[in-house]
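The structure under discussion appears below in the form of structure tokens.
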Amino acid sequence: MMRVFGVSISGNCYKVRLALEQLRLPHDWVEVDMMHDGTHTPDFLAMNPNAKVPVLEIEPGKYLPESGAILYYLAEGTALLPAERFARAQVLQWMFFEQYSHEPYIAVARFIVKFLEPAHPRRAELPRLRERGHQALAVMESHLGGRKFFVAEAYSIADIALYAYTHAAPDADFDMTPYPALRAWLKRVEVTAGFVSMGGST
Ligand SMILES: N[C@@H](CCC(=O)N[C@@H](CS)C(=O)NCC(=O)O)C(=O)O
């Protein structure tokens, strides 16, 4: 059985759990104690020298880190990854967008707001993170206007990758009012087959 080394409160790990559930792939979840250096033990570093969750254990000794790479691996040959060449590349386009222009702002802002104490000096980063995060949300809003999903009108791992921290943006006090297409898309994702929420099972 595949195993996921992850942290339940992490959006990057949630992407993997959502894909596994929607693809009905049995797996075991191993909770890593990120707040107490659980990603820096010799055993963990042997799986991912970059010291980050999630890591997928495909079989004993065969490890894949990076949420986007894991989604791509799991989705191969399924409806979550289009077969057509251009659509497939567009899925990667949006997953790279998520990693470079979206997650570094929205996920980091969420971490600071939700998990660091109110007087933490990293709060000084929030205005810039919010500005850049809103730029990413505006790009998504303009792409989604009139579209059902990010690529080729079909739900894919691009939607899973972007859903994780977009739906969690209000945790970091992002006001979603200016993004009606984005809010409608979030609702559309939430009724796809086998959807599970970040905190629970529905
Ligand atoms: N690009 C990576 C980012 C993974 C990441 O940032 N993981 C965080 C939790 S959300 C982590 O493991 N942080 C622990 C650390 O940096 O020590 C991915 O998409 O998987």
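If you check ALA164, ALA169, which single one turns out to be closer than 20 Å to LEU81 by Cβ, of a type in the set (A, V, I, L, M) and within 15 Å of the chain's Cα centre (by Cα)?
Of the residues listed, the single one that is closer than 20 Å to LEU81 by Cβ, of a type in the set (A, V, I, L, M) and within 15 Å of the chain's Cα centre (by Cα) is ALA164.
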- Item | Filter result for GLY68 (of a type in the set (Gly, Ala, Ser) and crowded, with 17+ Cβ neighbours inside 10 Å) | yes
- Message: Return the pair list, or none, for Cβ contacts closer than 6 Å from residues in the range 100-127 that are of a type in the set (Asp, Glu) and surrounded by 12 or more Cβ atoms within 10 Å (Cβ to Cβ) to residues that are part of a helix (DSSP H, G or I) and modelled with pLDDT of 95 or more, at least 6 apart or on different chains.
- Response: GLU103/TYR165
- (1) within 18 Å of the chain's Cα centre (by Cα); (2) within 30 Å of PRO26 (Cα to Cα) all hold for LYS148 apart from (1)
- Task: Would you check if PHE195 is outside any helix (DSSP H, G or I), crowded, with 18+ Cβ neighbours inside 10 Å and in contact with a Leu (Cβ under 9 Å, 6 or more places away or on another chain)?
- Result: no
- Query: Applying the selection to the range 21-65, what residues are open to solvent by 40 Å² or more (accessible area, probe 1.4 Å), modelled with pLDDT of 95 or more and within 9 Å of the ligand (Cβ to nearest atom)?
  - Reply: ASP37, HIS40, ASN50, LYS52
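The values are calculated or read from the model by the stated rules, or taken from the named source; none is laboratory data. Computed from a prediction, not measured in an experiment: that's the story for all the values here. Every residue, glycine as well, gets a Cβ built from its backbone with ideal geometry; the counts of neighbours run over all protein chains shown. Each accessible area value is taken on the protein alone, full model and side chains, heavy atoms only, with ligands, DNA and RNA left out. Shrake-Rupley method; radii C 1.70, N 1.55, O 1.52, S 1.80 Å.
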